[in-house]
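Here is the structure we will look at.
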Amino acid sequence: MTGYGKAETTLRGKKLVCEIRSLNSKSMDLSVRLAPIVRAHELDLRTIVTQRLERGKVDLLLMNDGMSETSSLNDVTPINWATVHAYAAQYKEQFGEVPAEVMAAILRFPDVMKQQEDCSDLTEDEWKTVQALLNEAIDGFIAFRTQEGAALQNMFNEKLDGIADLLAQVEPFEKGRVAKIKERLEASLAQLSAETQAQIDRNRLEQEMIYYLEKLDITEEKVRLTNHIKYFRECMAGEGSGVGKKLGFIAQEMGREINTLGSKSNQSEMQILVVKMKDILEQIKEQVLNVL
């Protein structure tokens with residue numbers, strides 16, 4: 001949800017610049033800095049931004065950018081001479097005559113420079129100009145987000161391909177591990193004494209062994225994880241708001257299936273593959289926060 005947009009226009013002989021920046025946020029957090037000439041329309045400006053951008057930590061800057069080529073001496077920031085005389089009078093009262101260097105220092109005081117502000121109401125045409133400026137900046141901002149979204153979609157597809165490839169690598173280990181488990185159990189039984197072996201109910205043993213092997217079966221987890229990957233891709237191709245939240249929920253479900261695969265893995269090679277899948281999934285979860 002990061003983005004940037006900028007637009008410029010001329011209003012009353014001065015350049016008016018609109019900039020919009022955004023960082024990730026679960027809700028709309030809008031901060032504005034406005035030129036005096038448009039402050040009366042702050043609520044309207046906030047409404048436009050909120051409706052078009054939905055959410056994010058957004059900074060809106062709508063300010064005059066210096067003087068235009070048609071500026072005259074009357075547009076120059078005037079000196080607040082009353083403040084200058086007040087400072088000079090205080091100095092003279094304490095120290096006597098005011099030397100030139102002290103007067104020069106007084107002229108550099110911040111409150112000596114009085115900014116000339118045009119706060120008169122905007123005409124209907126001027127307000128339309130401001131609205132067009134804001135919408136142009138928002139259009140650029142949305143174009144920036146769209147470009148970032150396309151890059152994110154490519155990244156997600158690469159990460160999903162990585163998880164799918166790792167899942168396919170689990171299959172060779174899955175085929176041979178059931179036979180290995182049965183061999184290990186049979187070997188353990190063979191070490192028991194003849195008397196103990198004679199007391200074992202072979203039917204019950206077979207039932208317990210089948211139950212044990214079923215608990216280690218990962219077929220359902222593989223199917224569900226594959227379906228989650230497919231659904232993730234389908235949601236990315238969709239339009240509208242709320243896609244980011246949906247992708248976040250799907251990523252959580254993918255994590256549950258991968259964790260179950262890890263708990264059922266009884267071979268180091270399979271566990272290594274599971275760790276790699278978890279690493280890729282964490283990268284996906286971090287970037288899902290950037291999706292609206």
Per-pair calculated FRET efficiency, R0 = 22 Å: Asp65 and Thr123 via Cβ, rounded to 0.05: 0.55
Two-site label geometry, Gln271 and Glu239: point separation in nm, points 7 Å out along Cα→Cβ: 4.9 nm
Region 226-235 - phi-based ³J(HN,Hα) in whole Hz, Karplus 6.51/-1.76/1.60, Gly and Pro as x: 4, 5, 4, 4, 5, 5, 4, 5, 5, 5
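Please compute the length gained on full extension between Lys246 and Asn259, using 0.36 nm multiplied by the number of residues separating them and subtracting their Cα-Cα distance. List each step's numbers first, then the result.
Details: separation 13, 0.36 × 13 = 4.68 nm, distance 2.02 nm.
Result for the pair: 2.7 nm of gain on full extension.
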Pair Asn154, Glu286: separation of 7 Å Cα→Cβ label points (nm): 1.9 nm
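For the peptides 55-65, 89-99, what is the packing order when you average, over each peptide's residues, the other Cβ atoms within 10 Å and list the highest mean first?
Details: 55-65: 18.6, 89-99: 10.8.
The packing order, highest mean first, is 55-65, 89-99.
Taken together, the values in this text are just the output of simple stated rules run on the coordinates, not laboratory data. A quick note: this is a predicted structure, and the numbers were derived from the prediction, not measured. Heads up, the Cβs are rebuilt from the backbone with ideal geometry, glycines too, and the neighbour counts pull from every protein chain shown.
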